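Take a look at the structure below.
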Amino acid sequence: MTDDVQGLQKRLAAFAAARDWEQYHTPKNLAAALGVEAAELLEIFQWLTPEESARIMADPEAAHRVTDEVADVLAYLLQFCSAVGVDPLAALAAKIERNEKRFPAPERGRGAGAEPGSGSVPVAGPGFGPSSGPGPGGGTVRPRLPFAEAVARAAGDGAPLVLDGGLSNQLEAQGCDLRDELWSARLLADGPGQIEDAHAAYVRAGADVLLTASYQATFEGFARRGAGREEAARLLRSSVTLARRAADTAPRPVWVAASAGPYGAMLADGSEYHGRYGDGVGVAELARFHRPRLEALAAAEPDVLALETVPGMTEATALLRAAAGLPAGVPVWLTYTVAGGATRAGEPLADAFALAADDERVVAVGVNCCAPEDVAYAVRTAARVTGKPVVAYPNSGEGWDPAARDWRGPGSFDAAAATSWRRAGAAAVGGCCRVGPK
């Protein structure tokens, strides 16, 4: 840290000490004050046109206001850094280096901004820590269309939406150890930057929809790691924030789907692939399990809730019941994991998809976490029974061995097969486990 920055921090500390203000300068209070001062800076520009904002420093009175607010923001930022032990210059240098790797500069002659009519709303170029809602950040590029309308267009004459692939696949490629009952959700607490980097890899690969790292994130699972309910709820919400940050770096609209896996994912014993959870685990019990985390995820305002890898009709009924009464602006999609033309619980797909046919909250149905060979029939059935847009994102084709906690056998995923899924009626296509950005 330079002497200039250290000197300013010492002067600020001495100023506060002389007035006995140190008692109020907790990290929380300083963060709040920093937010207030930044808002006051924003207030100066809020109703200006871009042209007026570019000329603001030519007005001596306005220039004084801007300079004064910048000083307030910097003062509280430096005091906050002192309180929590952050070297601001070192932190910024590290962030720049990280983002230079995460977001390579576009080729010369290819703009990085959103093209007119692309369906996105450019607020500012991607900065260092782009953010949506909670969390620090810079500019965003938000989808103009609600997800429900976007997937409906894709089901009609529009281009299909591209879903991301297996988040765990990319995290492992980044060197993350996922041998934990929480699987990728562990990194919400231990390595959120890795999750954001993995999402960013899919954005660069062309994904239109990112699924959050909350598939295996539950209050019960976090409790086993010593996290209370408030902390668990925060971690669930953070999964949406991390995906949103990566989505907001794209020069095109990218939607965020908050993943909610089945009860068996919490058990981490492979039972999500058959749905037989034992006596006493029926619709009512499953709905009570799912409701709190759906509430936490919905509170973070994803574009859609992805009720995914559902093994059978009992859990599908429970998930739809748990989703009832959530904020009206958060739609859901429902996808089954299937095998051989039936749900993993052995039920006919027509019966399974019929559960969602008349549910207005369900804006799309489909399949995921299944063999690629099972997709086309399931897509046709889902479209015929429900009349809703269909999403499809199978695994690599390898089989999961719950005892060894590893994948076995050869893969059969071929991206070219997406053409046949599209012909079958899929509006959105992508990959699940073991399918990466490449």
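Please list, by residue number, every one of the trypsin sites (Lys or Arg not before Pro) in region 143-192 that is coil in DSSP and has at most 16 other beta-carbon atoms within 10 Å. Provide the component values of the computation, followed by the final result.
Working: sites: ARG144, ARG153, ARG179, ARG186; in loops: ARG144, ARG179.
Sites meeting the loop and neighbour criteria: ARG144, ARG179.
Considering only protein heavy atoms, with the full assembly of protein chains and a 1.4 angstrom probe, order ILE96, ILE195 by accessible area, largest first. Write down the numbers at each step before the final one.
Values: ILE96 55, ILE195 0 Å².
Highest to lowest solvent-accessible surface, that is ILE96, ILE195.
Share of pairwise Cα-Cα distances greater than 18 Å in region 15-88 is 49 percent (whole percent). For region 253-264, 3J(HN,Hα) computed residue by residue from phi via the Karplus equation (6.51, -1.76, 1.60; θ = phi - 60°) reads x, 10, 8, 10, 10, 7, 7, 10, x, x, 4, x Hz, glycine and proline entered as x. Averaged over its residues, the chain has an accessible area of 47 Å² per residue, based on protein heavy atoms and a 1.4 Å probe.
As an exercise, identify the chymotrypsin sites (Phe, Trp or Tyr not before Pro) in region 221-298 lying in DSSP coil whose Cβ has no more than 10 other Cβ atoms within 10 Å. Mind showing how you got there, number by number?
Working: sites: PHE222, TRP255, TYR263, TYR273, TYR277, PHE289; in loops: TYR277.
Of the chymotrypsin sites (Phe, Trp or Tyr not before Pro), not one in the loops of region 221-298 has a Cβ with at most 10 other Cβ atoms within 10 Å.
Considering the options ALA268, ALA298, LEU320, tell which one lies farthest towards the positive end of the dipole of region 178-333, charges being +1 on Lys and Arg and -1 on Asp and Glu at the Cβ, about the Cα centre. About the Cα centre, the residue reaching furthest to the positive side is ALA298.
Around the Cα centre of the chain, unit charges on the Cβ atoms of Lys, Arg, Asp and Glu (plus for the first two, minus for the last two) sum to a dipole of about 720 debye.
Put the Cα centre of region 209-250 next to the Cα centre of region 52-92 and the gap is 32 Å.
Show me the helices of the chain, taken as full DSSP H stretches, that run 27 Å or more along their long axis by Cα and average 1.6 or above in Kyte-Doolittle hydropathy. Answer set is empty. So what is the 222 nm mean residue ellipticity for the chain from helices alone, if each DSSP H run of at least 4 adds -39500 (n - 2.57) and you divide by all residues, rounding to the nearest 500 deg cm²/dmol? Mean residue ellipticity, 222 nm, calculated: -14000 deg cm²/dmol.
Overall, the accessible surface of the chain at a probe of 1.4 angstrom is composed of carbon and sulfur to the extent of 53 percent.
Put a plus charge on the Cβ of each Lys and Arg, a minus charge on the Cβ of each Asp and Glu, and nothing anywhere else: the dipole of region 139-210 about its Cα centre is then about 300 debye.
The values are calculated or read from the model by the stated rules, or taken from the named source; none is laboratory data. Note that the structure is predicted; figures quoted are calculated from it, not measured. No Cβ is skipped: glycine too gets one built from the backbone with ideal geometry, and neighbour counts run over all protein chains shown. Protein only, heavy atoms only, side chains kept; ligands, DNA and RNA dropped before computing areas. Shrake-Rupley method; radii C 1.70, N 1.55, O 1.52, S 1.80 Å.
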